[in-house]
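Novice: This is the structure I have questions about; it appears just below.
The values are calculated or read from the model by the stated rules, or taken from the named source; none is laboratory data. Note that the coordinates shown come from a computational prediction; the quantities given were computed from them, not determined experimentally. In this analysis, Cβ positions are derived from the backbone assuming ideal geometry, glycine residues included, and neighbour counts consider all displayed protein chains. Just the protein is used for accessible areas: all its heavy atoms, side chains included, with ligands, DNA and RNA removed. Shrake-Rupley method; radii C 1.70, N 1.55, O 1.52, S 1.80 Å.
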Amino acid sequence: MTDKHRKDYAFLADDPHAMTHDEQMFAGALSFCRRKYARDLKGVDVAVVGVPFDTSVTNRPGCRFGPRAIRAASSQLGWSRAWPSSFDPFEKLSVVDWGDVHIPHGRPEQVPEHIQDAFSRIIWSGATPLGLGGDHFTTYPALRAHAEKLGRPISLVQFDAHTDTWEAENDWIDHGTMFGTAVREGIIDPATSIQVGIRTTNDDPMGIEIWDAVKVHERGVQAAIDAILARVGDNPCYITFDIDCLDPAFAPGTGTPVCGGLASWQALAILRGLAGIDVVGMDVVEVSPAYDVGEITALAGATVALQLLCLYAQRDM
Ligand SMILES: [Mn+2]
């Protein structure tokens with residue numbers, strides 16, 4: 001007799017390489033793209049990890065609920081190949097949902113260490129983390145974990161409205177200063193790093209190349225792709241996508257929205273154009289569901305995350 005209760009692939013999926021297309025997209029536990037939850041990462045290529053932390057935001061909070069919202073929105077992306085890609089990333093990659101990093105309550109000073117430890121566990125197991133924020137500070141301990149494994153500074157490809165390199169003390173827990181700290185600490189290599197979509201003023205970009213949103217709008221998607229590929233070259237890179245890179249029309253649900261940003265189609269086209277880049281880590285951050293409308297932002301976040309998986313699947317091209 002057929003098992004009538006074989007569904008809910010978040011628990012029961014038996015093949016981390018295959019996407020199942022016969023589960024109702026509104027049902028089941030909220031794993032990323034209906035992937036199975038797993039902490040055993042043997043044979044796993046990518047572990048999706050939520051980082052529900054938002055107390056380093058400078059304006060509107062709420063992106064601690066981002067991982068849930070992205071997982072929920074991602075459930076409708078699992079039924080078909082990631083359009084317009086010519087392959088299914090889940091056939092090329094074994095992908096699981098690792099669950100969320102434990103954020104210690106009442107011990108904010110311990111949060112960076114907790115996040116770094118989770119990313120280190122994933123990285124040293126041989127898998128690659130795909131982080132779902134959380135505010136953008138959460139990228140900093142992830143970068144630390146990667147740089148430690150690489151044994152050298154990592155190249156950063158940052159999609160963002162803000163540079164996040166503003167001046168602060170090194171132990172500042174702040175979503176607007178951590179990339180400045182990362183440059184000073186030798187975690188990021190600024191000479192091979194680039195920021196795309198910027199539309200706030202910062203007099204000291206700390207040696208990182210900036211393609212602000214105006215430049216992307218004026219010169220176009222292909223020019224932005226060329227600039228990123230030229231900047232990063234063959235270096236291993238971390239792609240971080242702050243959802244506020246997108247215009248508030250495409251991503252209203254975020255803490256520090258800025259007008260004049262990229263359309264979601266521009267950002268997705270740029271990501272697609274990076275096929276072959278040596279991506280070793282990636283995240284999507286700053287989705288804040290309380291300010292979202294009709295899940296626009298969560299869906300954008302989930303779609304970007306899926307596009308990052310496609311990119312990861314193409315890194316050997
Ligand atoms: Mn940011």
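Novice: Return only the number of the condition from (1) open to solvent by 10 Å² or more (accessible area, probe 1.4 Å); (2) within 16 Å of the ligand (Cβ to nearest atom) that LYS215 does not satisfy.
Specialist: If we test LYS215 against (1) open to solvent by 10 Å² or more (accessible area, probe 1.4 Å); (2) within 16 Å of the ligand (Cβ to nearest atom), just (2) comes out false.
Here's the yes/no breakdown for (1) under 28 Å from LYS215 (Cα atoms); (2) surrounded by fewer than 24 Cβ atoms within 10 Å (Cβ to Cβ); (3) within 16 Å of the ligand (Cβ to nearest atom):
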| site | (1), (2), (3) |
| --- | --- |
| SER125 | no, yes, no |
| LEU132 | yes, no, yes |
| LEU150 | no, yes, no |
| SER155 | yes, no, no |
| HIS162 | yes, no, yes |
| GLU169 | no, yes, no |
| ILE173 | no, yes, yes |
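Novice: Quick one: what pairs do we get from region 31-55, first residue touching a residue at least 40 places away in the same chain (Cβ under 8 Å), second open to solvent by less than 50 Å² (accessible area, probe 1.4 Å) and among the basic types (Lys, Arg), C-beta under 6 Å, 6+ apart or different chains?
Specialist: Final answer for the pair search is PHE32/ARG71.
Novice: Considering each of ALA251, ALA145, ALA161 in turn, give the residue that is touching a residue at least 24 places away in the same chain (Cβ under 8 Å), closer than 29 Å to ALA298 by Cβ and part of a helix (DSSP H, G or I). Spell out how you get there, then give the answer.
Specialist: Working: ALA251 fails: part of a helix (DSSP H, G or I); ALA161 fails: part of a helix (DSSP H, G or I).
The conditions single out ALA145.
Novice: Select from region 296-306 the residues that are in contact (Cβ under 8 Å) with a residue 60 or more places away in the chain and out of contact with any Pro (no Cβ under 9 Å at 6 or more places or on another chain) and list them in ascending order.
Specialist: Residues satisfying the conditions are LEU299, GLY301, ALA302, THR303, VAL304, ALA305.
Yes/no matrix, rows are residues, columns are (1) among the aliphatic types (A, V, I, L, M); (2) assigned to a helix (DSSP H, G or I):
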{"residue": "LEU274", "(1), (2)": "yes, no"}
{"residue": "VAL284", "(1), (2)": "yes, no"}
{"residue": "ALA298", "(1), (2)": "yes, yes"}
{"residue": "GLY301", "(1), (2)": "no, yes"}
{"residue": "VAL304", "(1), (2)": "yes, yes"}
{"residue": "LEU308", "(1), (2)": "yes, yes"}
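Novice: Moving to a separate point now. Within region 128-144, how many residues turn out to be of a type in the set (A, V, I, L, M) and touching a Lys or Arg at 6+ places or on another chain (Cβ under 9 Å)?
Specialist: Residues in region 128-144 being of a type in the set (A, V, I, L, M) and touching a Lys or Arg at 6+ places or on another chain (Cβ under 9 Å): 1 in total.
Novice: Looking at region 237-265 only, could you name the residues that are at negative phi, away from the ligand (no atom under 14 Å from the Cβ) and open to solvent by 20 Å² or more (accessible area, probe 1.4 Å)?
Specialist: If the condition is that a residue be at negative phi, away from the ligand (no atom under 14 Å from the Cβ) and open to solvent by 20 Å² or more (accessible area, probe 1.4 Å), then ASP247, PRO248, ALA249, PHE250, PRO252, CYS259, SER264, TRP265 are the ones that fit.
Novice: Return yes when THR139 is in a helix (DSSP H, G or I), in contact with a helix residue (DSSP H, G or I) (Cβ under 8 Å, 6 or more places away or on another chain) and open to solvent by less than 10 Å² (accessible area, probe 1.4 Å) and no when it is not. Talk me through it step by step, then tell me what you get.
Specialist: On the way: in a helix (DSSP H, G or I): yes; in contact with a helix residue (DSSP H, G or I) (Cβ under 8 Å, 6 or more places away or on another chain): yes; open to solvent by less than 10 Å² (accessible area, probe 1.4 Å): yes.
So THR139 fits the description; yes.
Novice: Could you list, in sequence order, all residues of region 164-184 that are among the small types (Gly, Ala, Ser) and free of Cβ contacts under 8 Å to residues at least 40 places away in the same chain?
Specialist: ALA168, GLY180
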